[in-house]
């Protein structure tokens, strides 16, 4: 099982949770598992052609999966997957 | 018992004295003699011989080895008139084993009378020395770092939740010029987090209100006010000449615009954003680390990008993030430590957790993979779904 860190903007789609557990052998499977548990996240994570949306950054532990093997990056038990959409909350 | 004058005369007989013209010749030969000023701090700061090192006579025994470790080296000491340096030369020669010591006759007074050049070092006024004394005691800042801070020009984008604490602490730290871009006026609902403003300044432009607070802390700070909305028409003109930009922007189009301008101008940006109980921090240092577009090539659709004004924020959170930004600014200016360039910090205030992620330069980045001169005005702030994004946001 991997731990998925849910960013503030997606928490409404997962019942307010900050972290969830999901299984899968690679990053894509883990995120698909998340999307099947919480269907509202699917369109936020994936584009219509099944690719990760470009505005969503995904990290395996502290490394961007774009510099690893993308969605094919292997996930081991205990790994953390961080979902990070861009945030522009300033403070006016 | 000998009088002081007699003692000095006797000591002068036991040491070598050299004329200023010989010292000048020695310096011009570049033959490696070390010229040591043995006067007090304030005398040295007023003016000294070019290239002289400073070892006050009161600290001679404890500090000379730090300045001249090789005892066989030629050492020429001087003071104001040649008395103190004679005594110091005697100490070096007789008690500390320096083999080739001389004292300059007539001191710096005679040197100046001859019309030779002196160096007037930059220094702090007594008031500044007192004000920044706790910086001067930290080796990573010290006098050199404080002078860099006093020379620094830092641009704050926004005098809101992030900009307020940054403005106050950077002013206190002695940043010489603080530019503030903000076209808003102080509102009662701002005061929950925007600590540069106050109850009696509700309705006052934020740039003016922030200037008052800055000058209450440190009247020496030069405040440049830009009561405008940052846009493609003014960003290059405003940002040019600043050393660091502190980004507290609340919307994506301006963040991309800022990124592109900062890459063109090669100005590092210390960026933070906040939402609810969570904050992000990074430094985008053009060509030394990734830029904002390397991290976020494209913004999320408007419905996934709430601004904190609408979404709410713990008032202390921008304080924490704005001060983390200020620390990064100080490090960029002084060169101390390692900045957050290439790293992204996520702070969750509710759980008190800090998560650090790596940010890589994108070799195919549409902006920072190219030379600054190749980036055109037309491209600035543009991103792939710009039209759709702005329609959604409207």
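The values are calculated or read from the model by the stated rules, or taken from the named source; none is laboratory data. Nothing here was measured: the structure is a model prediction, and the numbers come from that model. For neighbour counting, all protein chains shown are included, and Cβ atoms are generated from backbone atoms with ideal geometry for every residue, glycine included.
For this structure, a couple of remarks:
- Residue in the stretch B:179-187 that is out of contact with any helix residue (DSSP H, G or I) (no Cβ under 8 Å at 6 or more places or on another chain) and without any contact (Cβ under 8 Å) to a residue 24 or more places away in the chain present: yes
- In the stretch B:342-361, the residues that are within 8 Å of another protein chain (Cβ to nearest Cβ) and without any contact (Cβ under 8 Å) to a residue 24 or more places away in the chain form Cβ pairs under 7 Å with partners that are surrounded by fewer than 16 Cβ atoms within 10 Å (Cβ to Cβ) and not in a strand (DSSP E or B), at six or more places apart or across chains, as follows: B:356/A:62; B:357/A:62; B:358/A:62.
- In the condition set (1) surrounded by fewer than 20 Cβ atoms within 10 Å (Cβ to Cβ); (2) more than 10 Å from the chain's Cα centre (by Cα); (3) without any contact (Cβ under 8 Å) to a residue 12 or more places away in the chain, residue A:77 is compliant with all but (3).
- For residue B:39, the requirement of being surrounded by 18 or more Cβ atoms within 10 Å (Cβ to Cβ) and assigned by TED's automatic domain parsing to the domain that holds residue B:99 is met.
Let's see how each residue does on (1) surrounded by fewer than 19 Cβ atoms within 10 Å (Cβ to Cβ); (2) assigned by TED's automatic domain parsing to the domain that holds residue B:156; (3) not in a loop (DSSP other than H, G, I, E, B):
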| site | (1), (2), (3) |
| --- | --- |
| B:293 | no, yes, yes |
| B:300 | no, yes, no |
| B:318 | no, yes, yes |
| B:336 | yes, yes, no |
| B:344 | no, yes, yes |
| B:363 | yes, yes, no |
| B:367 | no, yes, no |
| B:373 | yes, yes, yes |
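- Picking from residues in the stretch A:35-61 that are part of a loop (DSSP other than H, G, I, E, B) and surrounded by 14 or more Cβ atoms within 10 Å (Cβ to Cβ), the one that is farthest from the other protein chains (Cβ to nearest Cβ) is A:38.
- Within the option set B:195, B:175, being within 14 Å of another protein chain (Cβ to nearest Cβ), touching a residue at least 12 places away in the same chain (Cβ under 8 Å) and part of a loop (DSSP other than H, G, I, E, B) holds for one residue only, B:195.
- Residue match in the stretch A:75-86 (condition: in a loop (DSSP other than H, G, I, E, B) and at pLDDT below 90): yes
- Taken across the stretch B:140-150, residues that are within 27 Å of residue B:273 (Cβ to Cβ) and buried (at least 17 other Cβ atoms within 10 Å of the Cβ) do occur, with at least one present.
- Residues of the stretch B:58-67 that turn out to be surrounded by fewer than 18 Cβ atoms within 10 Å (Cβ to Cβ) and closer than 23 Å to residue B:83 by Cβ, as a count: 6
- Screening the candidates B:329, B:313 for the property of being in contact with a strand residue (DSSP E or B) (Cβ under 8 Å, 6 or more places away or on another chain) and at the interface with chain A (Cβ under 7 Å from one of its Cβ atoms) yields one hit, B:313.
- Hey, residue B:260 buried (at least 19 other Cβ atoms within 10 Å of the Cβ), touching a residue at least 24 places away in the same chain (Cβ under 8 Å) and assigned by TED's automatic domain parsing to the domain that holds residue B:370 or not: yes
- Every test in (1) under 18 Å from residue B:160 (Cβ atoms); (2) part of a loop (DSSP other than H, G, I, E, B) is passed by residue B:350 save one, and that test is (1).
- For residue B:221, the criteria (1) surrounded by fewer than 18 Cβ atoms within 10 Å (Cβ to Cβ); (2) farther than 26 Å from residue B:288 by Cα; (3) modelled with pLDDT of 95 or more hold in every case but one, which is (1).
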